1. Of the residues that make up segment 199-221, is at least one out of contact with any helix residue (DSSP H, G or I) (no Cβ under 9 Å at 6 or more places or on another chain), part of a loop (DSSP other than H, G, I, E, B), closer than 30 Å to residue 73 by Cβ and modelled with pLDDT under 75?
2. Of the numbered conditions (1) modelled with pLDDT under 90; (2) closer than 23 Å to residue 126 by Cβ, residue 32 fails exactly one; give the number of that condition.
3. Here is a list of conditions, (1) in the same structural domain as residue 206 (by TED's automatic domain parsing); (2) at pLDDT 85 or above, and residue 105 meets all of them except one; can you say which number that is?
4. Would you check if residue 111 is under 27 Å from residue 206 (Cα atoms) and out of contact with any helix residue (DSSP H, G or I) (no Cβ under 6 Å at 6 or more places or on another chain)?
5. For residue 75, are the conditions met, namely being farther than 20 Å from residue 176 by Cβ and surrounded by fewer than 21 Cβ atoms within 10 Å (Cβ to Cβ)?
6. From the list 145, 110, 118, 163, exactly one residue is surrounded by 19 or more Cβ atoms within 10 Å (Cβ to Cβ), farther than 15 Å from residue 93 by Cβ and modelled with pLDDT under 75. Which is it?
7. What is the number of the single condition among (1) modelled with pLDDT of 75 or more; (2) assigned to a helix (DSSP H, G or I) that residue 150 does not meet?
């Protein structure tokens, strides 16, 4: 895999599907209890969405059933519309994986706030750059972690395994978990902790891993 190619995903610069339904389906989400959906719903309605799915629980602490229902509802040629990128993806890698899977299904993607549209060459180019940036960040995390382990060993810490997971280790783990090319065990080994430490310190670990398997976007047989 080169830095310009998302893992297991289609080329984001290839031509759009020849058949377009012009049907827009919206998805909204609030991330805290104090936020309201009305503004997002109004924006999606004004954008011409025929149907809107909305998750009202935090995507950080709970699965997003409406997002899965939304993905299952989409047909080839439709366009998924979101108010902003942070309402859709929980991380850059999560966003890249899901958008790439949508394109593989022949579904367009539009984010209103950022004015991004994968049905246009400019929008596809932006996501191509996003994919390269996500790969670059992953490589920096790995390099930084390896350098930290070398420094720890030089100070006499055998194996470099910390007794307590530090904030830096947890942050690095959260960046790596959505990557479908890495197992939880390999991530733990890379960071110098046990898999159990990751489970204990990252309550939404399983949800982050769910984002690493975007095949959930596949619609069931109708």
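1. yes
2. Status for residue 32: all satisfied but (2).
3. (1)
4. Spelling it out, it is not the case that residue 111 is under 27 Å from residue 206 (Cα atoms) and out of contact with any helix residue (DSSP H, G or I) (no Cβ under 6 Å at 6 or more places or on another chain).
5. Details: farther than 20 Å from residue 176 by Cβ: yes; surrounded by fewer than 21 Cβ atoms within 10 Å (Cβ to Cβ): yes.
Criteria met by residue 75.
6. On the way: 110 fails: modelled with pLDDT under 75; 118 fails: modelled with pLDDT under 75; 163 fails: surrounded by 19 or more Cβ atoms within 10 Å (Cβ to Cβ).
When all the criteria are applied, what remains is 145.
7. (1)
The values are calculated or read from the model by the stated rules, or taken from the named source; none is laboratory data. These numbers come from a predicted model, not from an experiment. Note: ideal-geometry Cβ built from the backbone for every residue, glycine included; neighbour counts use all protein chains shown.
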